[in-house]
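Inspection log for the structure reproduced underneath, given as structure tokens.
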Amino acid sequence: MIGAYSLSIRAFDAADTDAVVALWLDAFPEYKDTSKPQRDPHLSIANKLATQPELFFVAVRDGRVVGTVMAGYDGHRGWLYSLAVDLAERRRGIGAALVRHAESALTRRGCPKVNLQVLSAKADVRAFYESLGYRADEVISLGKRLGSVA
């Protein structure tokens, strides 16, 4: 229970797909950029279901998906991805509850540290994570696209 209404967090189910895709398209405008095929929400879901699907969580209120978070653990570090909350449901503690839920799942696996990435232009998102105790590491994130996806 968060605030004055009931909220549950559970593992993603395939029946949640349409609701999650709709939420992500609202929460992550970059998913609408068709020039970046790696940002296809259906592909993101399929990839997560192939790897640690038990670490893909949805927040549900009144039978409706209102938030998501994905976590991963490679035995060395944990990661958080795709934290999203319905625009009409923000600032009610749902995002924080999802992060705590994912952190708890990672802790049970023996994960010693959680990493995440925030687009540099999203200062409000960085402030949210900082309010939960996350701090910028003294590292530079590097990346390389593999395969045919540019």
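The values are calculated or read from the model by the stated rules, or taken from the named source; none is laboratory data. Keep in mind that this is a model prediction, so the values were computed, not measured. Positions of Cβ are generated from backbone atoms using ideal geometry, with glycine treated the same way; all protein chains shown enter the neighbour counts.
A few points about this structure:
- Pairs linking a residue in the stretch 4-26 that is within 15 Å of Glu89 (Cα to Cα) to a residue that is loosely packed, with under 11 Cβ neighbours inside 10 Å and of a type outside the set (D, E, K, R), with Cβ atoms under 8 Å and 6 or more positions apart or on different chains, are Leu7/Met1; Asp26/Leu87.
- Restricting the stretch 120-150 to residues that are closer than 24 Å to Ala102 by Cβ and β-branched (Val, Ile, Thr), the residue that is farthest from the chain's Cα centre (by Cα): Val139
- Pairs where the first residue, in the stretch 63-89, is over 18 Å from Ser6 (Cβ atoms) and the second is among the aromatic types (Phe, Trp, Tyr), C-beta under 6 Å, 6+ apart: Val69/Phe57; Met70/Phe56; Met70/Tyr81; Gly72/Trp79; Ala84/Trp24
- Residue selected from the stretch 43-96 under the condition buried (at least 19 other Cβ atoms within 10 Å of the Cβ), of a type in the set (Gly, Ala, Ser) and not in a strand (DSSP E or B), by the criterion modelled with the highest pLDDT: Gly95
- Any chance Arg61 is among the basic types (Lys, Arg) and under 16 Å from the mean Cα position of the chain (by Cα): no
- Residue identified as within 13 Å of the chain's Cα centre (by Cα) and not β-branched (Val, Ile, Thr) among Leu87, Leu116, Leu43: Leu116
- Residue tally, condition at pLDDT 85 or above, closer than 22 Å to Asp26 by Cβ and outside any loop (DSSP other than H, G, I, E, B), over the stretch 97-123: 5
Here's the yes/no breakdown for (1) within 20 Å of Arg100 (Cβ to Cβ); (2) in contact with a Phe, Trp or Tyr (Cβ under 6 Å, 6 or more places away or on another chain); (3) not polar (S, T, N, Q):
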residue	(1), (2), (3)
Ala15	no, no, yes
Asp18	no, no, yes
Lys32	no, no, yes
Ser35	no, no, no
Pro41	no, yes, yes
Phe57	yes, no, yes
Gly67	yes, no, yes
